[in-house]
1. Only one of these conditions is not met by residue B:135: (1) under 16 Å from residue B:257 (Cα atoms); (2) open to solvent by less than 60 Å² (accessible area, probe 1.4 Å). Which number is it?
2. Within the range B:230-245, can you find the residues that are surrounded by fewer than 21 Cβ atoms within 10 Å (Cβ to Cβ), under 24 Å from the mean Cα position of the chain (by Cα) and more than 22 Å from residue A:18 (Cα to Cα)?
3. I'd like the full set of residues that are open to solvent by 20 Å² or more (accessible area, probe 1.4 Å) and touching a residue at least 40 places away in the same chain (Cβ under 8 Å), limited to the range B:197-206.
4. Name the single residue that is nearest to the other protein chains (Cβ to nearest Cβ) among those in the range B:316-350 being in a helix (DSSP H, G or I) and in contact with a Gly (Cβ under 8 Å, 6 or more places away or on another chain).
5. Tell me whether the range B:85-93 contains one or more residues that are of a type outside the set (A, V, I, L, M), farther than 30 Å from residue A:19 by Cβ, within 14 Å of chain A (Cβ to nearest Cβ) and surrounded by fewer than 18 Cβ atoms within 10 Å (Cβ to Cβ).
6. One residue is enough: does the range A:133-143 have a residue meeting the conditions more than 14 Å from the chain's Cα centre (by Cα), part of a loop (DSSP other than H, G, I, E, B) and surrounded by 14 or more Cβ atoms within 10 Å (Cβ to Cβ)?
7. Which of the residues belonging to the range B:268-286 are in a loop (DSSP other than H, G, I, E, B), among the β-branched types (Val, Ile, Thr) and touching a Leu at 6+ places or on another chain (Cβ under 8 Å)?
8. Looking only at the range A:127-137, count every residue that is out of contact with any helix residue (DSSP H, G or I) (no Cβ under 7 Å at 6 or more places or on another chain) and at pLDDT below 90 and tell me the total.
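The values are calculated or read from the model by the stated rules, or taken from the named source; none is laboratory data. If you're wondering where the values come from, they're calculated on a predicted model, not measured in any experiment. Virtual Cβ from ideal backbone geometry, glycine too; neighbours counted across all protein chains shown. Areas reflect the complete protein model, heavy atoms only, side chains present, ligands, DNA and RNA absent. Shrake-Rupley method; radii C 1.70, N 1.55, O 1.52, S 1.80 Å.
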Amino acid sequence: MSNYIKGLFHGVGTLMTGMKVTMKEFFTPKVTEQYPENRATLKMYDRFCGELTMPHDAEGRNKCIACGLCQSACPNGTIRLTTETVADPETGKTKKRLALYEYDLGSCMFCHLCVNACPTGAIRFSTDFEHAVYTREKLVKQLNRQ
Amino acid sequence: MFDFSIITSWVHGMLTSVMPLGLAVFIECVMVGVCLLLMYAVIAVVMIFMERKVCAAFQCRLGPVRVGFWGLLQVPADVLKMLTKEIITIRRSDKFLYNLAPYIVILASVLAFACLPVSKGLEVLDFNVGVFFLMAASSIGVVGILLAGWSSNNKYSLIGAMRSGAQMISYELSIGLSILTIIVLTDTMQFSEIVARQADGWFLFKGHIPALVAFVIYLIAGNAEVNRGPFDLPEAESELTAGYHTEYSGMHFGLFYVAEFVNLFIVAGVAATIFLGGWMPLHVAGWEGFNAVMDCIPGFVWFFGKAFFVVWLLMWIKWTFPRLRIDQILTLEWKYLVPIGLANLLLMVIVVVFKLHF
């Protein structure tokens, strides 16, 4: 009998706790983003994967060493590297260099594996997500500038 | 307080002056029926909109905002969609019962709806055993649900209907006991009388402790009665797709849906009438100026305000708690609500006999 009464009051107490939580939630500011209207003030989260980019410094150099790890890490075959071999004029040693970094946004699934694979941090994801274009060809982008 | 019986008796006088009494009464019945169904439909739309907005707020969302200003046209658009959809017939179902079931549910709902006194002089069904009639009429709904489950020839429908039957019949008892507690206090079953006796204080305050307990039991049992909230296992989506209305489409599904929401309103309206004074304004004894100001607000505003407040309470419960299992539901009813209800009834009798109420 005492268990019954104790259980009853405990149950009522826990139910009240739950109702307090939802009551607080009822009055908190809502998290819904009204997208096209809030374009000007929209703030994306840093870790959002929008589009692959290759940052360049002021002299237009990037950190890519053309190792091809991103290309082999990509499950969809999104990234295609074209490399060229150049000889150092002083020592005469040959060295691989990036010629073309092609990124097909249309087949990217934004898994972030390429950025994880990169040993030099040459590529990273931007939070830009407005990708709509009229033809598929425009989705294939060249990331290196030279 | 404006008395609507002035208008109704004026209409009656106008009609009887140009035609025999029988015809006049017939025309009045048709007019009342049309008004009732119109109000029924409007309340259903308002309730669905409110459900979506309140649910969204409890989940930290905004709810519908795109169709019309603040999403106001979303529900009318949904209604139009529902009206234009095809009503499919299920092969090897019991055609007659399958088509009959939604109408039984809606009939029970409309009959119960007609009992609610909306404002002073605006009672459709008002006679000396009104509370009895309301409970009897609203219990017809379970027949429709059982028929829907049986005739669909679908295991989900049948299981949903059986759960619904077990649940609704059990919780009817608690509703009856909690209403009976208030009947002990009022010694009348006529809705207009019940409201009139709350002129000097609502029963929730007049009956203090037993009335409060009865109110809480009524809210829990009422939520279970309309198959909502934590008691929605007759239509538990994750187990039974949609329960007893799995096989229904188009407006037949719409009728079930509308009846469910208006039943919620009826439960809230009855709670508002017998516990919170119905259309009676808030009166505090001794504050003449305050009472006069409160009397300026029309009765139907009070009634709908209280009813929608209770609806909001029920939605708060619904969007807070997870669904119960069938054995938990029956434990809650038979081991907790019924014994507490009976003890509460006894307490109310003691309170009334020794005149401990206000």
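1. (1)
2. Within the range B:230-245, B:237, B:242 qualify.
3. If we filter the range B:197-206 for residues that are open to solvent by 20 Å² or more (accessible area, probe 1.4 Å), which is where we start, we get B:197, B:199-200, B:202, B:204-206.
Those that are open to solvent by 20 Å² or more (accessible area, probe 1.4 Å) and touching a residue at least 40 places away in the same chain (Cβ under 8 Å): B:199, B:200, B:202, B:204, B:205, B:206.
4. Kept after step one, since they are in a helix (DSSP H, G or I), are these residues of the range B:316-350: B:316-318, B:326-350.
Of the ones still in play, those that are also in contact with a Gly (Cβ under 8 Å, 6 or more places away or on another chain) are B:317-318, B:348.
Details: B:317: 7, B:318: 10, B:348: 20 Å.
If we take residues in the range B:316-350 being in a helix (DSSP H, G or I) and in contact with a Gly (Cβ under 8 Å, 6 or more places away or on another chain), then B:317 is nearest to the other protein chains (Cβ to nearest Cβ).
5. Step one: list which residues in the range B:85-93 are of a type outside the set (A, V, I, L, M), which gives B:85-86, B:89, B:91-93.
Those left that are additionally farther than 30 Å from residue A:19 by Cβ: B:85-86, B:89, B:91-93.
Okay, now just the ones that are also within 14 Å of chain A (Cβ to nearest Cβ), so none.
The answer is no; no qualifying residue exists.
6. Here is the first cut: in the range A:133-143, the residues more than 14 Å from the chain's Cα centre (by Cα) are A:133-143.
With the extra rule that they be part of a loop (DSSP other than H, G, I, E, B), the set shrinks to A:133-135, A:143.
Keeping just the survivors that are surrounded by 14 or more Cβ atoms within 10 Å (Cβ to Cβ) gives A:143.
Within the range A:133-143, one or more residues are more than 14 Å from the chain's Cα centre (by Cα), part of a loop (DSSP other than H, G, I, E, B) and surrounded by 14 or more Cβ atoms within 10 Å (Cβ to Cβ).
7. Residues of the range B:268-286 that are in a loop (DSSP other than H, G, I, E, B), as a first pass: B:275-286.
Restricting the remaining residues to those that are among the β-branched types (Val, Ile, Thr) gives B:284.
Across the range B:268-286, there are no qualifying residues.
8. As a first pass, look at the range A:127-137 and keep what is out of contact with any helix residue (DSSP H, G or I) (no Cβ under 7 Å at 6 or more places or on another chain): A:127-130, A:132, A:134-135, A:137.
If we keep only those that are at pLDDT below 90 too, we end up with A:127-130, A:132, A:137.
Here the count works out to 6.
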